[in-house]
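Every number here is computed from the coordinates shown, using simple stated rules; none is lab data. Computed from a predicted structure; not experimentally measured. Heads up, the Cβs are rebuilt from the backbone with ideal geometry, glycines too, and the neighbour counts pull from every protein chain shown.
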Amino acid sequence: MSRFARFLAPLLALIALLLQPVRAEDFLDPSEAFKFSARMVDGHTVSVTFQIADGYYMYRERFKFSAQGAKLGVPAIPPGKVHYDETFAKDVETYRKSVTITIPVEVNGPFTLLASGQGCSEKGLCYAPQDYKAPLVGSGSVPLPAASVTPAGAASGGAPAGGAAS
């Protein structure tokens with residue numbers, strides 16, 4: 001019986017370790033996992049970059065953009081890496097390391113870019129969608145096609161911009 005106990009004790013310790021709940025301190029704060037920045041490339045184009053920490057990724061379909069005081073065109077989002085996501089039970093595009101998205105904007109002066117994105121840790125934690133805000137100044141006089149314009153001040157909606165990579 002003692003030989004069985006010597007085998008069983010380490011096995012039970014391993015099982016207990018594996019069943020421990022994941023601790024919050026095991027994960028980065030979302031502002032560190034997904035660092036957002038935005039800048040004007042020229043008077044009528046915004047460049048949005050997400051620096052994504054090692055071990056984390058963002059979903060393409062979860063990017064959304066809108067503006068207060070400006071009209072946005074359709075975001076140009078690069079292709080992500082496609083993989084099957086068991087959580088959503090479908091193929092998704094994700095980004096790792098970084099992703100840069102450009103957005104045409106019709107504005108002449110200051111405006112606020114509103115962005116939203118969602119990402120996860122490879123350790124199994126998916127964060128709630130995060131909201132970002134960037135005060136910018138544009139001087140674009142290039143009109144946007146009517147079909148691609150996002151209404152100014154559409155803070156909670158915005159044109160889907162996608163964005164998750166693995």
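Just round it to a whole percent: the fraction of Cα-Cα distances in region 30-135 exceeding 20 Å.
Here the long-distance tail beyond 20 Å is 38 percent of all Cα pairs in region 30-135.
Overall, region 30-135 carries a charge dipole of about 140 debye about its Cα centre when +1 sits on the Cβ of Lys and Arg and -1 on the Cβ of Asp and Glu, all other atoms neutral.
Descending by average beta-carbon neighbour count within 10 Å, the peptides 111-120, 96-105, 38-47 line up as 111-120, 96-105, 38-47, the highest first.
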